[in-house]
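What follows draws every value from the coordinates through simple rules; no lab data is involved. The model shown is predicted, which means the values in this text are computed figures rather than measured ones. Every residue, glycine among them, receives a Cβ derived from its backbone with ideal geometry; neighbour counts consider all protein chains shown.
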Amino acid sequence: METRTDTHSKLFGYLLWIFGFLGSHRFYYGKPITGTIWFFTLGLLFIGWIIDLFLIPSMDREADFRFREGEVSYNIGWLLLTFTGVFGLHRMYMGKWITGIIYLLTGGLFLLGVLYDFWTLNDQISERNREHRFG
């Protein structure tokens, strides 16, 4: 039986839920499609946002099973992306120095790179942790 790792934090999920009408907690838990829908509909007119208050524990469990733990922390990666994405600090944190510098010089590739990272950051971190583990 595979042991469950704690890759994502419920506390961090609830902190992002405060901005959940913009979909931030859904992106964090690896749900980019519904995160985008929440972004454009203000959390389905705030109704879905309120319902998510009760769904966060199950989204957290699902993310813990889905993504690989390792040296790169999902919480730090998401914190850096959410608040400094246009500067590329989240990419530098993952060891992607070249693209991090490109983000720094281009405002996160004119925000398109930041949007891409909101969709794929969990997978990027999981892949980076797999590379660190298996070298």
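Protection proxy ranking for 85-94, 120-129, 37-46, using the average of other Cβ atoms within 10 Å per residue and placing the highest first: 85-94, 120-129, 37-46. Ranking 53, 7, 83 by Cα position along the charge dipole of the chain, where only Lys, Arg, Asp and Glu carry charges on their C-beta atoms, puts 83 farthest toward the positive end.
In a simple Cβ point-charge model (Lys, Arg +1; Asp, Glu -1; nothing else charged), segment 56-133 has a dipole of about 160 debye relative to its Cα centre. Calculate the length of the line joining the C-alpha centroid of segment 80-129 to that of segment 28-65, in whole Å. Segment 80-129 and segment 28-65 have Cα centres separated by 22 Å.
Screening the chain for whole DSSP H helices of 24 Å or more along their axis (Cα) with average Kyte-Doolittle hydropathy at least -1.0 returns 47-66, 112-134. Helical content alone sets the calculated 222 nm signal of the chain at -23000 deg cm²/dmol, taking -39,500 (n - 2.57) per DSSP H segment of four or more residues and averaging over every residue. Evaluated with a Cβ-only charge set (Lys, Arg +1; Asp, Glu -1), the chain carries a dipole of roughly 100 debye about its Cα centre, given to the nearest 20.
Computed from the C-beta positions of residue 115 and residue 41, the FRET efficiency with R₀ = 22 Å rounds to 0.85. Expressed in Å, the radius of gyration and Dmax of the Cα atoms of the chain are 14.8, 46. Largest GNM mean-square fluctuation among 95, 23, 77, using the chain with Cα springs under 10 Å: 95.
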